[in-house]
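The structure under discussion appears below in the form of structure tokens.
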Amino acid sequence: MSSTSSVSISKNKNKGRRRGPRKSLSVWIVLVIVIVALVFLLGLPVFKLFQAGFSAQGRVAIKQSFTTDIDTFVHSIVLGLLVGLLGTFIGFVCAWVQTFVKFPGKKVLHWVTLLPTISPPFAAATAIITLFGKRGIITNGLLHLETNIYGLPGLLMVLTMTFTPVAYLNIKGMFENLDPSLFEAASSLGSSPWHTLIHVTIPMVLPAMLSSFLVLFVEGIADLANPLVIGGDYRVLASQIYFAVAGSGDVATAAGISLVLLLPALTVFLIQKYWTDKKSVVTVTGKPTGAIKPIKSPSVVAPMLIISLLWLLLVATIYLTLLVGGFVKILGVDNTWTWDHFEFIQRLGSDAVATTLLMTLAAAPLAALLALAIAWLVVRHLPRFGGVLDLWGMLGVAVPGTVLGLGFALVYSQPVTVFGVDIIPPLAGGLAVGGGAIAIVMVFIARGDPTGQQSFIAAFKQINPEVEEAAVSLGASPLTTVRKVTLPLMSSAVVTAVTYAITKSMTTITAIIFITTPQTKVMTSQILDEVDAGRFGNAFAYSSLLIVLVLIILGISNLLLRQLNRSKG
């Protein structure tokens, strides 16, 4: 009897080894490609940054950041925490309303919610100054108040507005992958809507909420353009890095401050990863069956709907200001209709528009593919090494954009050498191959990957592995299984990955501010130049055009993805 059991256990173990897809050549090829990509996108820039940051001058900057300039460090932390908490809360409320409440115009509200992420944040900052500043249209013109929007209040408003859509997309994607039977079971057991919200809904999406908090915290402490536009006397680490490079060309000091900025970002990231791994809750299914039934209880729906609609009203007002500001001479001062701002873009900005579009179209699919490959390896094939791979990929967002951009400038402004042999020519700076466009696309991929990666990991965990094992047992290769079986089951994750990669590429400025060149003009840097020059009308026109372009690209992408799913359905 004992011998039979032993043979049976041995057979089961051997069976488990045979079923593992690790032996597939395609898995190892994908792993090598992913590692090489991560080395060049994140490994080399971060290594070079540490090398410069721990130089003698860099160590002095680190010491000063924790002694004489401690206020700057505290400012950054406070700003990141407030943006993370407020943005995640609003993103959760908007996602819940979109998923669980039935009302006319939901699609319109969905796109209004996404508006802040498809425009440069400092463009919204100029609109906020125009509306709520000391001579603002609303505060002074309508309410006769003299308010000071500069500093922490203005930064909190514009950064929360800018990054809330990230939390919204993350949490909404998780909601859509939940099994509706969970809520039906809770209701049949007598759970009230509030009780279900607190004890069922929130725990199920807690990983997405924590992931969102991480992204928003890091984005909050790393943002550079807004502190320059609306920060006033509220100094943060990111602006200190910029002034060290742009003001005095002191790269070592900038690298030292970057390491200080990196410390809280990586700490929060590691805490979040540890906590999420311990507390993550998944519903393992195939494609969720049925649809989530709308919640009609006024006690829950009313407060959630009010918060959501007030937020959307604020967003709509800001972006209506952007739109109108591009068609008048000086909004709030001289409201005469004019085409001057758009004629300016046609004369001097068409190169920036075309270049931005081309680089985004090149980077977004690559970022989504990299995210899918990492998630596939992490969840399905390399559970032990997967944690390292996941952590490595997430550095794209855990490392603040300002820091990553400085790392790119340090590595790729000169040839990359191995044993004294140049293997890669300069990709950034004045002598860069392709005018610096390659380095910018690489930054777009590095920054666009993490959110898609987490969406794909969450989606993979929601799909029963037996669904894929059945395809493999019928002769399909691992890659064919992903393409024909898994991807159609995770359409929401695909949309999230592609959407975030496109919007991130089109609107980023912080991570590329050190590697843009005169040969490769980017719309966001052009807008910042116009804001710096006080030509708000041109900045509004640029921003309006950028929003329209992003909406067109996202609309086409969503249609293509939907058509792809139908053809495979």
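The values are calculated or read from the model by the stated rules, or taken from the named source; none is laboratory data. Just so you know, these numbers come straight off a predicted model, no measurement behind them. Note: ideal-geometry Cβ built from the backbone for every residue, glycine included; neighbour counts use all protein chains shown. Protein only, heavy atoms only, side chains kept; ligands, DNA and RNA dropped before computing areas. Shrake-Rupley method; radii C 1.70, N 1.55, O 1.52, S 1.80 Å.
When the criteria are applied in full, Leu377 meets the requirement of being open to solvent by less than 40 Å² (accessible area, probe 1.4 Å), in contact with a helix residue (DSSP H, G or I) (Cβ under 7 Å, 6 or more places away or on another chain) and more than 16 Å from Phe40 (Cβ to Cβ). Among residues of region 380-404 that are closer than 30 Å to Val467 by Cβ, those with a Cβ under 7 angstrom from a residue that is of a type in the set (Asp, Glu), sequence gap 6+ or separate chain, pair up as Gly393/Asp449; Gly396/Asp449.
Among the residues of region 477-497, how many are open to solvent by 30 Å² or more (accessible area, probe 1.4 Å) and touching a residue at least 12 places away in the same chain (Cβ under 8 Å)? I'd like the intermediate steps shown before the answer.
Residues of region 477-497 that are open to solvent by 30 Å² or more (accessible area, probe 1.4 Å), as a first pass: 477, 479-480, 483-485, 487, 489, 491, 495.
Then drop every residue that is not touching a residue at least 12 places away in the same chain (Cβ under 8 Å), which leaves 477, 479, 484-485, 487, 489, 491, 495.
Count: 8.
The set of residues in region 110-130 that are open to solvent by 10 Å² or more (accessible area, probe 1.4 Å), over 17 Å from the mean Cα position of the chain (by Cα) and among the aliphatic types (A, V, I, L, M) comprises Val112, Ile129. For Lys102, the conditions (1) over 25 Å from Gly407 (Cα atoms); (2) free of Cβ contacts under 8 Å to residues at least 12 places away in the same chain; (3) open to solvent by 70 Å² or more (accessible area, probe 1.4 Å) are fulfilled apart from (2). Scanning region 514-527 for residues that are open to solvent by 10 Å² or more (accessible area, probe 1.4 Å) and part of a helix (DSSP H, G or I), we see that the one that is nearest to Gln240 (Cα to Cα) is Ser525.
Would you check which residues across region 440-467 are over 30 Å from Phe40 (Cβ atoms) and in contact (Cβ under 8 Å) with a residue 60 or more places away in the chain and list them? Outline the logic, then answer.
Residues of region 440-467 that are over 30 Å from Phe40 (Cβ atoms), as a first pass: 462-467.
Hits for region 440-467 are Gln462, Ile463, Asn464, Pro465, Val467.
In the condition set (1) closer than 23 Å to Ile221 by Cβ; (2) modelled with pLDDT under 90, Ile90 is compliant with all but (2). Examine region 148-155 for a residue that is in a helix (DSSP H, G or I) and small (Gly, Ala, Ser), and state whether such a residue exists. Yes; the residues of region 148-155 include at least one that is in a helix (DSSP H, G or I) and small (Gly, Ala, Ser).
Filtered by the rule that a residue be open to solvent by 50 Å² or more (accessible area, probe 1.4 Å) and either among the aliphatic types (A, V, I, L, M) or part of a strand (DSSP E or B) (or both), region 457-469 gives a lone residue, Val467.
For the criterion of being in a loop (DSSP other than H, G, I, E, B), out of contact with any helix residue (DSSP H, G or I) (no Cβ under 6 Å at 6 or more places or on another chain) and touching a residue at least 40 places away in the same chain (Cβ under 8 Å), Lys293 passes.
Which condition number does Tyr412 fail, the rest of (1) in contact with a strand residue (DSSP E or B) (Cβ under 8 Å, 6 or more places away or on another chain); (2) over 28 Å from Ile241 (Cα atoms); (3) open to solvent by less than 50 Å² (accessible area, probe 1.4 Å) being met? Condition not satisfied by Tyr412: (2).
Evaluate region 442-458: report whether one residue or more is aliphatic (A, V, I, L, M) and more than 30 Å from Pro426 (Cα to Cα). Even if it seems obvious, please write down each step before you answer.
Taking region 442-458 and keeping what is aliphatic (A, V, I, L, M), we get 442-443, 445-446, 457-458.
Then drop every residue that is not more than 30 Å from Pro426 (Cα to Cα), which leaves 457-458.
Within region 442-458, one or more residues are aliphatic (A, V, I, L, M) and more than 30 Å from Pro426 (Cα to Cα).
Can you name every residue in region 295-306 that is closer than 11 Å to Lys102 by Cα and under 29 Å from the mean Cα position of the chain (by Cα)? Once the filter is applied, which keeps residues that are closer than 11 Å to Lys102 by Cα and under 29 Å from the mean Cα position of the chain (by Cα), region 295-306 yields Val301, Leu305. May I ask you to verify whether Ile345 is closer than 25 Å to Phe89 by Cβ, crowded, with 18+ Cβ neighbours inside 10 Å and out of contact with any Leu (no Cβ under 6 Å at 6 or more places or on another chain)? Taking the combined requirement at face value, the residue does not satisfy it.
Which count do you get for residues in region 337-374 that are assigned to a loop (DSSP other than H, G, I, E, B) and among the β-branched types (Val, Ile, Thr)?
Here is the first cut: in region 337-374, the residues assigned to a loop (DSSP other than H, G, I, E, B) are 338-339, 349.
Restricting the remaining residues to those that are among the β-branched types (Val, Ile, Thr) gives 338.
Of the residues in that region, 1 qualify.
Listed here are the helices (runs of 4 or more DSSP H) enclosed by region 169-241 that have at least 1 residues being of a type in the set (Ser, Thr, Tyr) and surrounded by fewer than 24 Cβ atoms within 10 Å (Cβ to Cβ): 180-188, 193-196. Against the numbered list (1) touching a residue at least 12 places away in the same chain (Cβ under 8 Å); (2) surrounded by fewer than 20 Cβ atoms within 10 Å (Cβ to Cβ), Lys107 comes up short only at (1). For region 364-413, filtering for residues that are at pLDDT 90 or above and either touching a Cys at 6+ places or on another chain (Cβ under 6 Å) or aromatic (Phe, Trp, Tyr) (or both) leaves 2.
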